[in-house]
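Following: one structure in structure tokens, then a few remarks.
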Amino acid sequence: TAVAVNSTDERYTHLHGKTVLLPLTNREIPIIIDDVLVDPKFGTGVVKVTPAHDHNDYATGLRHNLPMINIFTETAHVNENGGKYQGLERFEARKKVLEDLTELGLLIETKPHKLALAISERTKVPVEPRLSPQWYVKIQPLADKAIAAVKEGKTTFVPETWTAVYMKWMEGIHDWCISRQLWWGHQIPAWFKVGADGKPDFESTPVVSRTKPPEGEWVQDPDVLDTWFSSGLWPFSTLGWPQKTEELKTFYPNSVMETGHDIIFFWVARMMMMGLHFMGEVPFRTVYLHAMVRDEKGDKMSKTKGNVIDPLDIILGAPAANLPGSIRNKYPQGLPAQGADALRFTLASLTQQGRDIKLSIDRIGGYRAFCNKIWNAARFAMMNLGDFTDDGSVFIKERSLSLADRWILSRLNRVTVATQAALTAYQFAEAASVLYQFLWGEFCDWYIELSKSALYGDDAHAKTSTRAVLVFVLDQVLRLLHPFMPFLTEEIWQKLPITRSVESIMIAPYPVEDARLHDAAAEAEMKPISQAIDGIRAIRGESNLSPALKIEAVIQSESQQVRESLDRWRSYVMPLTGLAKLSVTAMGVKPQQAAADIRSDMEIYVPLAGIVDLAEERERLKKEISKAEQEIAAINKKFENPRFVERAPPDVVEKDRARVIELTSRIEKLSENLRRIAPVEMRIAPPATGSVNLGDELRAEMSEASVSAGPDAQVTEALVQLRAGTKEGLTSRDHYDLGVAYMGMGLVDDAVREFNAAKDEVNTPNARPSVPSAPAKVKVKAPAKSKARAAVKAIKAPKKKAPAAAKKKVAVKAKAKKAVVKAKAKKAPVAAKKKKAVVKTKVKKAAPKKKGKR
RNA sequence: GGGCACAUAGCUCAGCGGUAGAGCACCGCCUUCACACGGCGGGGGUCGAAGGUUCGAAACCUUCUGUGCCCACCA
């Protein structure tokens with residue numbers, strides 16, 4: 001249609017205003033000057049212009065008033081405007097054009113050239129831009145109103161980051177083509193005169209009408225409206241518009257529009273424009289844009305990629321064979337059934353504002369376990385309600401309650417407030433998290449455990465109160481949870497044997513804050529109790545004590561309040577920590593041979609020499625000390641910088657100062673305890689090789705052989721008797737032998753005590769010269785080592801006596817045996833346990849035997 | 001090509017100026033009378049990289065790298 005050059009291109013200045021002859025059609029076309037279209041540095045600096053078949057050229061055509069010559073039919077064949085190429089398919093036509101140009105000697109060269117080509121998503125062939133009659137909506141006046149409404153805050157976006165997306169699109173908007181050549185949709189209500197071929201004559205002036213115009217031959221435009229044009233009417237067309245119905249009056253404008261951020265342009269923007277135009281008011285006050293679910297790599301799920309997970313496969317489970325390819329590869333075992341509530345709760349938990357969700361099957365599994373946990377907690381409650389059928393609300397306000405009761409009610413109130421706040425702020429993940437933590441971490445882990453003594457006890461009053469609280473909390477928390485887990489909560493709620501005001505949890509009132517439940521005193525009093533329980537549990541856990549083993553604990557505290565609370569609620573502490581005895585005292589003498597847990601306002605001791613592994617306890621203390629030291633170092637680094645004290649807010653500085661003092665005191669206490677249970681280092685001096693640490697060596701052997709006095713009650717008893725009998729009237733030799741025997745049992749600390757006793761005896765005139773004194777050390781000569789070894793061996797193979805001459809061989813054998821045990825232990829834990837059991841039995845026999853020897 | 005997000009423990013994610021957290025997975029002890037889809041305890045991170053602001057940065061700013069999404073006639 002034209003040939004364009006850049007005005008600054010001096011090569012072509014002489015051609016300005018002239019025309020050229022199009023060789024293949026002999027049409028005369030103008031040379032135009034267009035600096036927008038033509039880049040003089042690119043190619044020849046001359047470009048052909050086809051306004052009917054290219055977007056840029058179309059704009060150029062408008063600028064220069066060029067004719068729009070369409071050369072394609074709907075099927076991309078050359079039409080009557082294509083001269084001799086008429087009827088050819090587009091790719092054929094291109095080949096022919098090249099051939100003809102070559103033949104005429106007009107083709108100078110061909111060069112490969114990369115360009116962006118629009119490809120049809122459905123048919124995968126290049127799209128040919130082509131002029132055709134379409135309906136457009138003049139958009140600017142509509143957009144202006146839609147922009148103003150958001151700027152004025154009449155409608156807000158949540159998360160607000162999407163406001164910018166909406167604005168950018170609105171501000172750069174262009175007229176909206178609303179006609180579509182599809183098979184279904186709202187047919188455009190426009191009528192054209194019937195043309196010669198029986199089809200609409202698009203050149204005629206259309207009549208817009210719902211019904212056929214009465215006079216003349218008319219045919220309705222076959223096109224349908226863009227689906228978003230129809231959908232844009234949704235906020236009011238669904239409410240009876242254009243009639244002025246009650247529904248329309250009530251629900252327009254609506255409060256919250258909830259949708260995906262991928263259709264802000266398509267739908268939200270159109271609803272805004274349509275609503276403002278037809279109703280004169282925004283369609284909704286808030287637009288909440290939810291996260292989109294992606295696959296595990298963050299890619300959008302699509303059928304083409306084959307990465308779509310059907311929600312039903314997650315809910316109901318699916319064998320691998322039923323899954324699409326890429327999903328099957330990741331889950332070759334298929335998907336386990338997770339349930340609708342677990343899926344829903346997971347989605348809520350992962351819905352963080354402004355982010356998309358990478359769906360994690362594993363995480364759904366975690367919440368499935370949560371569903372199970374709730375179910376079992378409810379089962380526990382119902383099993384223990386007895387004949388209690390009240391909903392508890394009256395009881396909890398009129399009766400005196402236990403500390404645990406008051407505490408959980410206060411926590412419930414906090415959770416109610418937090419859940420409400422989160423929901424109001426559209427923080428669904430936060431709400432889900434709050435409820436999860438409360439239900440599992442507080443209600444199940446603490447309240448249910450604490451309630452057992454009352455429920456299983458004889459105090460009728462306490463029993464009834466606990467039942468009331470149990471059912472009340474459950475009822476309330478189920479309501480709070482209901483939006484996140486509709487099925488499970490309804491099921492349990494219906495099963496609760498309580499009187500209800502409504503027939504479904506769906507319409508039960510959502511819990512609101514109840515200031516009367518708030519109980520700061522109860523929460524404060526629970527603190528030392530949970531601290532004590534945590535501390536004792538930590539000692540047990542770190543020392544791998546069996547839960548069945550009853551232990552004693554001593555708790556010392558400077559705070560009288562703490563002591564009183566612990567004393568009053570010892571029935572909470574003892575069962576949760578498996579205590580046989582709990583002593584609560586003021587600060588004073590520390591129990592000997594005890595594991596310790598030092599807290600800021602209490603010190604917990606578990607005096608169990610021989611049962612708690614003091615070596616491990618020492619490691620634990622060292623670790624705690626090092627942790628505290630590291631923290632002090634980090635804080636001190638701050639203080640070294642003078643500007644920190646100078647410029648940081650006083651409260652921050654003060655907080656750090658206090659923390660240093662607290663940590664220092666903690667380190668002191670921990671170190672003190674470490675000293676108290678420190679083993680005395682023992683050295684033996686074998687003739688040739690120099691000194692060896694017998695304690696370490698034996699300990700290493702012991703642990704390799706898995707010899708343990710263990711938690712066995714009989715063993716414990718035997719040890720107590722043994723120790724009771726070693727206090728007085730023993731010779732140095734006796735102490736020495738006992739030390740060896742203790743070593744043999746792996747009780748290093750007891751052994752050390754005996755060796756030291758032996759050392760004391762040595763200082764008397766009758767002392768055995770083979771046990772010389774050394775400051776804070778016990779030196780034992782080689783024979784002692786062999787005896788110790790023999791003791792070890794006796795434990796391992798008690799019936800065989802090892803002659804002194806054969807000790808080396810035996811030692812080698814024993815080592816080989818140990819290696820076998822070790823290897824077995826790795827592969828077959830059951831076998832290792834059996835081995836251990838055998839060893840234990842021998843210890844039982846060995847201990848009283850020693851006693852008898854005295 | 002333009003725009004917007006995101007990058008924190010093996011995985012999925014919180015935290016968003018003042019002592020690095022959760023769930024799952026992992027390790028140890030336990031089939032204790034709601035729950036082994038469980039209980040208790042534990043190990044694991046120079047918070048993508050480099051600069052800058054600050055007394056102090058995982059967090060605020062800049063640049064870079066990587067990943068993803070949206071738009072692509074116009075931003």
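Some points to look at:
- 3J(HN,Hα) couplings calculated from phi for region A:154-161 with the Karplus curve 6.51 cos²θ - 1.76 cosθ + 1.60 (θ = phi - 60°) are, in sequence order, 5, 10, 10, 9, 10, x, 5, 4 Hz; Gly and Pro show x.
- Antiparallel DSSP beta bridges within region A:525-656, as percent of all bridges there, nearest 5: 55 percent
- Only Lys, Arg (+1) and Asp, Glu (-1) charged, at Cβ; region A:235-370 dipole about Cα centre in debye: 280 debye
- Nearest-0.05 FRET efficiency for A:SER671 and A:THR585, computed from C-beta distance (R0 22 Å): 0.55
- For A:ALA2, the residues whose modelled amide H falls within less than 5 Å of its own, excluding neighbours fewer than 5 places apart on the same chain, are A:VAL49.
- The residue list A:VAL137, A:ILE147, A:ALA76 was ranked by how far each Cα lies along the charge dipole of region A:1-159 toward its positive end, using unit charges on Cβ atoms, and A:ILE147 comes out on top.
- Using only side-chain charges placed at the Cβ, +1 for Lys and Arg and -1 for Asp and Glu, the dipole size of region A:114-266 relative to its Cα centre rounds to 140 debye.
- Counting Cα-Cα pairs of region A:138-217 in 5 Å increments starting at 0 gives whole-percent bin shares of 3, 12, 15, 15, 12, 10, 11, 9, 8, 5, 2, 0.
- Trypsin sites (Lys or Arg not before Pro) within region A:57-159, DSSP loop, no more than 16 other Cβ atoms inside 10 Å: A:LYS114, A:ARG122, A:LYS124, A:ARG130, A:LYS138, A:LYS154
- Residues A:HIS113, A:HIS290, sorted so that the one with the fewest Cβ neighbours within 10 Å comes first: A:HIS113, A:HIS290
- Cα shape, region A:165-273, gyration tensor, a/c 1.5 rule: oblate
- Distant-in-sequence amide contacts of A:PHE157, defined by a placed amide H-H separation under 5 Å and a gap of 5 or more residues or a different chain, comprise A:VAL287.
- Taking Lys and Arg as +1 and Asp and Glu as -1, the other residues whose beta-carbon sits under 12 Å from that of A:ILE625 total +2.
- When Rg and Dmax are taken over the Cα atoms of region A:84-217, they come to 23.5, 68 Å.
- With a simple spin-label model that places each label point 7 Å from the Cα along the Cα-to-Cβ direction, the separation between A:ASP534 and A:LYS305 comes to 4.3 nm.
- Under 5 Å, built H, 5+ apart or other chain: amide partners of A:SER179: A:TRP135, A:ASP226
- The lysine pair count for region A:23-119, using Cα distances under 24 Å and pairs eight or more places apart or on different chains, is 13.
- Sorted by Cβ density within 10 Å, fewest first, the residues A:TYR58, A:TYR605, A:TYR456: A:TYR456, A:TYR58, A:TYR605
- Fewest-first ranking of A:ASP57, A:ASP387, using other Cβ atoms within 10 Å as the exposure measure: A:ASP387, A:ASP57
- Stretching the chain fully between A:LYS637 and A:VAL219 yields a gain of 141.9 nm (0.36 nm per residue, less the alpha carbon separation).
- Two-site FRET efficiency, A:SER7 against A:GLU109, from Cβ-Cβ distance with R₀ of 25 Å, rounded to 0.05: 0.40
- Cα shape, region A:301-366, gyration tensor, a/c 1.5 rule: oblate
- Proximal charge balance of A:ARG563 [Cβ under 15 Å; K/R count +1, D/E count -1]: -2
- Computed 3J(HN,Hα) for region A:514-528, one whole-Hz value per residue from the Karplus formula 6.51 cos²θ - 1.76 cosθ + 1.60 where θ = phi - 60°, is 10, 4, 5, 7, 4, 8, 4, 4, 5, 5, 5, 6, 5, 4, x, glycine and proline marked x.
- Extension gain (nm, one decimal) between A:ASP459 and A:VAL652, 0.36 nm per residue minus Cα-Cα: 64.6 nm
- Computed from the Cβ-Cβ distance with R0 of 56 Å, the FRET efficiency linking A:LYS358 to A:ARG94 stands at 0.75.
- Cα centre as origin, Lys/Arg/Asp/Glu Cβ charges: region A:319-414 dipole, Debye: 480 debye
- Additional length obtainable on full extension of the chain from A:TRP440 to A:ASN376, 0.36 nm per residue less Cα span: 21.9 nm
- Over region A:456-608, the hull volume per residue, using the convex hull of the C-alpha atoms, is 173 Å³.
- Candidates A:ALA418, A:SER530, A:HIS461 compared by Cα position along the dipole of region A:407-530: farthest toward the positive end lies A:HIS461, with charges placed on Cβ.
Only the coordinates and a few stated rules stand behind these numbers; no lab work does. Quantities reported herein were computed from a predicted structural model and do not represent experimental measurements. All Cβ positions, glycine included, derive from the backbone under ideal geometry; neighbour counts span all protein chains shown.
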